[in-house]
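Here the structure is laid out as structure tokens; the discussion comes afterwards.
The values are calculated or read from the model by the stated rules, or taken from the named source; none is laboratory data. Owing to the predicted nature of the structure, the values given are computational and were not obtained by experimental measurement. Cβ sites come from the backbone with ideal geometry, for glycine too, and all protein chains shown count toward neighbours.
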Amino acid sequence: MNVYRVKAMTFLKYDTKILDVDKEIIAGKDISKIKETEAVKLGSEFIKQGEVVAIPTETVYGLAADATSENAVKKIFLAKGRPQDNPLIVHIADFSQLTELMSGRLSIYGEKLIKTFWPGPLTIIVEKGNMISSTTTANLNSVAIRMPEHPVARAVIVEAGLPLAAPSANKSGAPSPTRAVHVYDDLEGRIPLIIDGGPSNIGLESTVIDVREKKPVLLRPGGISQEMIESLLAIKIKVAGTETKKEEIPLSPGMKYRHYSPQTPLFLIENFDDTIEKYQGQSVALIVTREKTNELKHISLDFKVLTMGSRDNLEEIAANIFALLRQVDQLGVDVALVEKIPAEGIGVAIMNRLYKASIRE
Ligand code: TXA
Ligand code: MG
């Protein structure tokens, strides 16, 4: 038997279903009602049986399994093709679960942060307790924990009655999924069920912050900005990757891997107007702000143009960017050029993802 067939047998064993939860039921945010939907019932049942299910969250879609079960969590790594040394975030629906899953005491800053930003796009790193499988945390003695805001995610956690390990539900290295169909495109045949809860409204992954030491360390920029954290805590926090050599703080294990990349080579353009001249006559897509799209209308270019949103509304760009990175592959162009956007507020997280997704000269 050749390697390809072995692989195929390992992965392609599910007839992947997409089940949606009615928009109005989601909008009602009544967890007890959402728990009764077919999608959530079936999804929770699969999870209790040790299977992996894709769930919507407000940041991106997650690939969820029982965080306490080594076997279940292994299936997440297998389905995504994720390196074993990259730990997963554990998702909870209730504050009391945090105490059960961690050891030691939560720091004062940690407490302030979760009181303000949970449920929501913030993940904290704390000392790991015994309940979580060491496969979930890639053998680290810390664990990443987040309480998502999306009512469907919360309903699945409550109905399964388990803490859920869930990385973004993309194939490892690909842009994170912000719609159920993105998950299907990446993982069809590899998981039994995708719960469709509509588009993820934030569109970028959570902020990851280590709150074990006295001074919190920002490991991954995300939905909650550094400014929001600093103004709440009334201190300057540390940011991984920006300290001087002597006290360099290691990034989250996952930050060293190639990430978020479409198949099409992507270039992040410093000096946009000069650069596009060079590409005249070539097969190119531009991913640009609405303002730039309007400027370009007056120039005759035969590039394909994808608009990411307005410079004045970085939240809109955040919500669109991963979908655009996927869309660019449908255009059949040789390269894609991306306009830089202001690195302020959530713009820091957008630029962080674009840097990783792109090739820089
Ligand atoms: O918004 C999100 O956070 C989404 C949704 C599904 O919740 N999840 C997500 O998971 O983005 P993932 O696996 O794609 O990214 C998790 C990041 C990785 O960079 C990983 O290395 C880091 O969190 N991480 C997890 N556990 C950690 C730990 N104990 N210490 C440091 N970094 C950790
Ligand atoms: Mg990810």
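State all residues of segment 59-72 that are in contact (Cβ under 8 Å) with a residue 60 or more places away in the chain, of a type outside the set (G, A, S) and more than 15 Å from ligand 2 (Cβ to nearest atom); if no residue qualifies, say none.
Residues satisfying the conditions are D66, T68, E70.
From A174, A138, A169, A153, grab the single residue that is within 16 Å of ligand 2 (Cβ to nearest atom), crowded, with 19+ Cβ neighbours inside 10 Å, more than 22 Å from Q327 (Cα to Cα) and not charged (D, E, K, R). Break it down stepwise before answering.
On the way: A174 fails: more than 22 Å from Q327 (Cα to Cα); A138 fails: crowded, with 19+ Cβ neighbours inside 10 Å; A169 fails: more than 22 Å from Q327 (Cα to Cα).
None of the other options fit; the residue is A153.
Can you tell me which condition S261 does not meet? The list is (1) among the small types (G, A, S); (2) assigned to a loop (DSSP other than H, G, I, E, B); (3) farther than 30 Å from T136 by Cβ, and all the others hold.
Condition not satisfied by S261: (3).
Can I321 be described as within 16 Å of ligand 1 (Cβ to nearest atom), assigned to a helix (DSSP H, G or I) and within 27 Å of H182 (Cα to Cα)? It would help to see each step written out before you state the result.
Working: within 16 Å of ligand 1 (Cβ to nearest atom): yes; assigned to a helix (DSSP H, G or I): yes; within 27 Å of H182 (Cα to Cα): yes.
So I321 fits the description; yes.
Has segment 79-96 got any residue that is surrounded by fewer than 18 Cβ atoms within 10 Å (Cβ to Cβ), away from ligand 2 (no atom under 16 Å from the Cβ) and farther than 22 Å from I47 by Cα? It would help to see each step written out before you state the result.
Within segment 79-96, the first condition is being surrounded by fewer than 18 Cβ atoms within 10 Å (Cβ to Cβ), and the residues that meet it are 81, 83-86, 94-96.
Adding the requirement that they be away from ligand 2 (no atom under 16 Å from the Cβ) leaves 94-96.
Narrowing the set further to residues that are farther than 22 Å from I47 by Cα leaves none.
No; the residues of segment 79-96 include none that is surrounded by fewer than 18 Cβ atoms within 10 Å (Cβ to Cβ), away from ligand 2 (no atom under 16 Å from the Cβ) and farther than 22 Å from I47 by Cα.
Residues that are over 12 Å from V152 (Cβ atoms) and not small (G, A, S): does segment 22-31 have at least one? Steps first, please.
Filtering segment 22-31 for residues over 12 Å from V152 (Cβ atoms) gives 24.
Filter once more, so that each one left must be not small (G, A, S): 24.
Yes: one or more hits.
Among the numbered conditions (1) modelled with pLDDT of 95 or more; (2) at positive phi; (3) not charged (D, E, K, R), tell me where T307 comes up short.
(2)
Among what's in segment 204-233 and is of a type in the set (G, A, S) and under 21 Å from the mean Cα position of the chain (by Cα), pick the residue that is nearest to R353 (Cα to Cα).
Within segment 204-233, the first condition is being of a type in the set (G, A, S), and the residues that meet it are 206, 222-223, 225, 231.
Those left that are additionally under 21 Å from the mean Cα position of the chain (by Cα): 206, 222-223, 225.
Details: S206: 12, G222: 10, G223: 12, S225: 14 Å.
Among those that are of a type in the set (G, A, S) and under 21 Å from the mean Cα position of the chain (by Cα), it is G222.
Give me the pairs, please: first residue somewhere in segment 152-174 and within 12 Å of Y61 (Cα to Cα), second residue anywhere and more than 16 Å from ligand 2 (Cβ to nearest atom) and in a helix (DSSP H, G or I), beta-carbon distance under 7 Å, and either six or more positions apart or on two chains.
Sorted first by the residue in segment 152-174, then by its partner, the pairs are V152/I26; V152/I34; V152/V40.
So in segment 183-211, with the set limited to residues that are surrounded by fewer than 18 Cβ atoms within 10 Å (Cβ to Cβ) and of a type in the set (D, E, K, R), which one is nearest to E36 (Cα to Cα)?
Result: E188.
Can you tell me which condition S176 does not meet? The list is (1) under 27 Å from Y260 (Cα atoms); (2) among the hydroxyl-bearing types (S, T, Y); (3) not in a loop (DSSP other than H, G, I, E, B), and all the others hold.
Failed condition: (3).
What is the one condition in (1) modelled with pLDDT under 80; (2) away from ligand 2 (no atom under 16 Å from the Cβ); (3) in contact with a Gly (Cβ under 6 Å, 6 or more places away or on another chain) that S225 does not satisfy?
Answer for S225: the failing condition is (1).
Which of the residues spanning segment 88-103 are part of a loop (DSSP other than H, G, I, E, B), in contact with a strand residue (DSSP E or B) (Cβ under 7 Å, 6 or more places away or on another chain) and touching a residue at least 40 places away in the same chain (Cβ under 8 Å)?
Initially, segment 88-103 is screened for residues part of a loop (DSSP other than H, G, I, E, B), giving 88, 92-94, 103.
Those left that are additionally in contact with a strand residue (DSSP E or B) (Cβ under 7 Å, 6 or more places away or on another chain): 88, 92, 103.
Matches in segment 88-103: L88, I92.
Of all residues in segment 101-119, which are in contact with a Pro (Cβ under 8 Å, 6 or more places away or on another chain) and closer than 28 Å to I34 by Cα?
Passing the criteria: L101, L113, P119.
Of everything in segment 36-68, what is part of a loop (DSSP other than H, G, I, E, B) and either surrounded by fewer than 18 Cβ atoms within 10 Å (Cβ to Cβ) or of a type in the set (V, I, T) (or both)? Give them in sequence order. Step through it out loud before you land on a result.
Start the filter on segment 36-68 by keeping residues that are part of a loop (DSSP other than H, G, I, E, B), which leaves 36-37, 49-52, 56-61, 67-68.
Answer for segment 36-68, where residues must be part of a loop (DSSP other than H, G, I, E, B) and either surrounded by fewer than 18 Cβ atoms within 10 Å (Cβ to Cβ) or of a type in the set (V, I, T) (or both): E36, T37, Q49, G50, V52, T57, T59, V60, T68.
For I249, all conditions in the list (1) more than 14 Å from ligand 2 (Cβ to nearest atom); (2) modelled with pLDDT of 95 or more hold save one; what is the number of the exception?
(2)
How about segment 315-347: which of its residues are in contact with an Asp or Glu (Cβ under 9 Å, 6 or more places away or on another chain) and under 13 Å from L204 (Cβ atoms)?
The answer is G345, I346.
Please specify each residue of segment 111-170 satisfying the condition of being within 11 Å of ligand 1 (Cβ to nearest atom) and in a helix (DSSP H, G or I).
Matches in segment 111-170: A153 only.
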